[in-house]
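Enquirer: One structure, as structure tokens, below. Some questions next.
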Amino acid sequence: MSITIRNEFLTVTAAEKGAELQSVKSADGTEYLWQGDPAYWTSHAPNIFPYVARLTEGKYILNGREYGFGNHGLVRYEELAVEAQTDTSVTFRLDSTEETKKKYPFDFVYRISYTLDGNALKIGTRVENVGEGRMYFAVGGHPGFNVPMEAGTSFEDYCLVFDEEAHPYRIHLADSGAVTPLTTVYEMKDNKVIPLSHDLFDHDAVVLTHAAKTVKICSDRTSRAVTVSYPDFRYVGFWHKPKTDAPYVCVEPWTSLPSREGIVEKLALQADLLSLDPGKVWETVWTVTID
């Protein structure tokens, strides 16, 4: 089942499975969200919790036991309940179960909300630890956006433009998607612009840290653009299926990194994971603005 919210600027649809966005249309009917062409990538915008990307060997260790789950954690594979809905907002909820605890042995409540505010879609994430021990987790987003956005323009006409100059570092990934020890300064045009080309993603995602917290997909050949702001996220990744001419770009805010290459992570010791003590709540809002 899917839920649709709308205002005078946007119409947004999300599915109960994974609370994944299915469509983001402007008032003139233009679709901005990638529509899951199986020739390239069948998803639209997976939600990430409680782990980013891949685990080495598909597993991790906690309290001396091995656990594991699929790429990007649990939420994308689960049916979420609609907890609240208005014409312009919807909140989905996932509670831990005996089945989720076989993969992730924590008692939690995960909520994700979509709220329209003019031409902006605000995406709220709230994680609550309702168990007895400290909980370790990560949160992220993985929306894909159609590029090009307008007929008569090409993929290479577009750029990723940060709102502030910065000197970010690139986190290099192995072919498996695991994090390698290699981190390099990432050069950008004018310290804020990444011109798009398909070969940019030949070695998987471009994952940056110490970059600005707002980025726009745009072109000087059209006024159509998508701006993503992620103030509370330490990393941002850009991706499309490697070594293809895929007509989309994913903008992925992450709170932490995937597992390190060759290391089955001990969850309680992974340095960049978030943690919550019993009864505590973590929440954030990030925003997708459509022009």
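The values are calculated or read from the model by the stated rules, or taken from the named source; none is laboratory data. This structure is a prediction, so every number in the text was calculated from the model and none was measured. Cβ placement follows ideal geometry from the backbone for every residue including glycine, while neighbour counts extend to all protein chains displayed. Note: accessible area is taken over every heavy atom of the protein model, side chains too, but ligands, DNA and RNA are not part of it. Shrake-Rupley method; radii C 1.70, N 1.55, O 1.52, S 1.80 Å.
Enquirer: Return the pairs, sorted by first residue and then second, in which the second residue is modelled with pLDDT of 95 or more and hydrophobic (A, V, I, L, M, F, W, C), the first residue lies in region 234-245 and is within 15 Å of LEU196 (Cβ to Cβ) and open to solvent by 30 Å² or more (accessible area, probe 1.4 Å), the beta carbons are less than 7 Å apart, and the residues are 6+ apart or on different chains.
Expert: What qualifies is TRP239/PHE201; TRP239/ALA205; TRP239/CYS250; LYS241/TRP41; PRO242/PHE201.
Enquirer: Out of SER176, SER113, I need the residue that is among the hydroxyl-bearing types (Ser, Thr, Tyr) and at pLDDT 95 or above. Which one? Spell out how you get there, then give the answer.
Expert: Numbers: SER176 fails: at pLDDT 95 or above.
After applying the criteria, what remains is SER113.
Enquirer: How do the strands (runs of 3 or more DSSP E) wholly within region 188-291 filter down when requiring 1 or more residues that are at pLDDT below 95, in contact with a helix residue (DSSP H, G or I) (Cβ under 8 Å, 6 or more places away or on another chain) and farther than 24 Å from MET149 by Cα: which remain? Please lay out each step first, then the result.
Expert: Numbers: elements: 193-195, 206-209, 214-219, 222-229, 235-239, 248-254, 274-276, 281-290.
Of the strands (runs of 3 or more DSSP E) lying wholly inside region 188-291, none has at least 1 residues that are at pLDDT below 95, in contact with a helix residue (DSSP H, G or I) (Cβ under 8 Å, 6 or more places away or on another chain) and farther than 24 Å from MET149 by Cα.
Enquirer: Also, I was wondering about something else. Sort out which residues of region 69-102 are among the small types (Gly, Ala, Ser) and modelled with pLDDT of 95 or more, and write them in order of number.
Expert: Step one: list which residues in region 69-102 are among the small types (Gly, Ala, Ser), which gives 70, 73, 81, 84, 89, 96.
Result: ALA81, ALA84, SER89, SER96.
Enquirer: Now for a different question. Within region 150-191, which residues are in contact with a Leu (Cβ under 9 Å, 6 or more places away or on another chain) and among the charged types (D, E, K, R)?
Expert: GLU156, ASP157, ARG170 - these are the residues of region 150-191 that are in contact with a Leu (Cβ under 9 Å, 6 or more places away or on another chain) and among the charged types (D, E, K, R).
Enquirer: Filter region 134-167 for residues that are closer than 20 Å to LEU273 by Cβ and more than 17 Å from the chain's Cα centre (by Cα); which is surrounded by the fewest Cβ atoms within 10 Å (Cβ to Cβ)? Full working, then the answer.
Expert: Narrowing region 134-167 to residues closer than 20 Å to LEU273 by Cβ: 134-142.
This time we only want the ones that are more than 17 Å from the chain's Cα centre (by Cα), so: 134-136.
Values: ARG134: 13, MET135: 26, TYR136: 22.
This residue is ARG134.
Enquirer: Could you tell me how many of the residues in region 157-200 are aromatic (Phe, Trp, Tyr) and farther than 21 Å from ARG221 by Cα? Full working, then the answer.
Expert: Of the residues in region 157-200, the ones aromatic (Phe, Trp, Tyr) are 158, 162, 169, 186.
Now drop any that are not farther than 21 Å from ARG221 by Cα, which leaves 169, 186.
Residues in region 157-200 being aromatic (Phe, Trp, Tyr) and farther than 21 Å from ARG221 by Cα: 2 in total.
Enquirer: If I filter region 23-42 down to residues being over 18 Å from LEU121 (Cβ atoms) and open to solvent by 40 Å² or more (accessible area, probe 1.4 Å), which single residue comes out as nearest to the chain's Cα centre (by Cα)?
Expert: Taking the candidates together, the pick is THR42.
Enquirer: Right, another one. Looking only at region 14-42, which residues are assigned to a loop (DSSP other than H, G, I, E, B) and among the small types (Gly, Ala, Ser)? Walk me through it before giving the result.
Expert: Taking region 14-42 as the starting set, the residues that turn out to be assigned to a loop (DSSP other than H, G, I, E, B) are 16, 18-20, 27-30, 32, 34-42.
The answer is GLY18, ALA19, ALA27, GLY29, GLY36, ALA39.
Enquirer: I've got another one for you. Output the residues belonging to region 168-195 that are open to solvent by 40 Å² or more (accessible area, probe 1.4 Å) and more than 19 Å from ALA53 (Cβ to Cβ). Even if it seems obvious, please write down each step before you answer.
Expert: Here is the first cut: in region 168-195, the residues open to solvent by 40 Å² or more (accessible area, probe 1.4 Å) are 169, 172, 175-176, 181-185, 187, 189-192, 195.
Within region 168-195, THR184, VAL185, GLU187, LYS189, ASP190, ASN191, LYS192, PRO195 meet the criteria.
Enquirer: Of these, LEU257, LEU267, LEU273, which one is surrounded by 21 or more Cβ atoms within 10 Å (Cβ to Cβ) and touching a Ser or Thr at 6+ places or on another chain (Cβ under 9 Å)?
Expert: Details: LEU267 fails: touching a Ser or Thr at 6+ places or on another chain (Cβ under 9 Å); LEU273 fails: surrounded by 21 or more Cβ atoms within 10 Å (Cβ to Cβ).
Matching residue, one of LEU257, LEU267, LEU273: LEU257.
Enquirer: Let me ask something else about it. For residues that are surrounded by fewer than 19 Cβ atoms within 10 Å (Cβ to Cβ), closer than 30 Å to GLU8 by Cβ and touching a Leu at 6+ places or on another chain (Cβ under 6 Å), tally how many sit in region 276-291.
Expert: 0
Enquirer: To continue, here is another question. I'd like the full set of residues that are open to solvent by less than 30 Å² (accessible area, probe 1.4 Å) and either farther than 20 Å from VAL24 by Cα or without any contact (Cβ under 8 Å) to a residue 24 or more places away in the chain (or both), limited to region 107-118.
Expert: The answer is PHE108, VAL109, TYR110.
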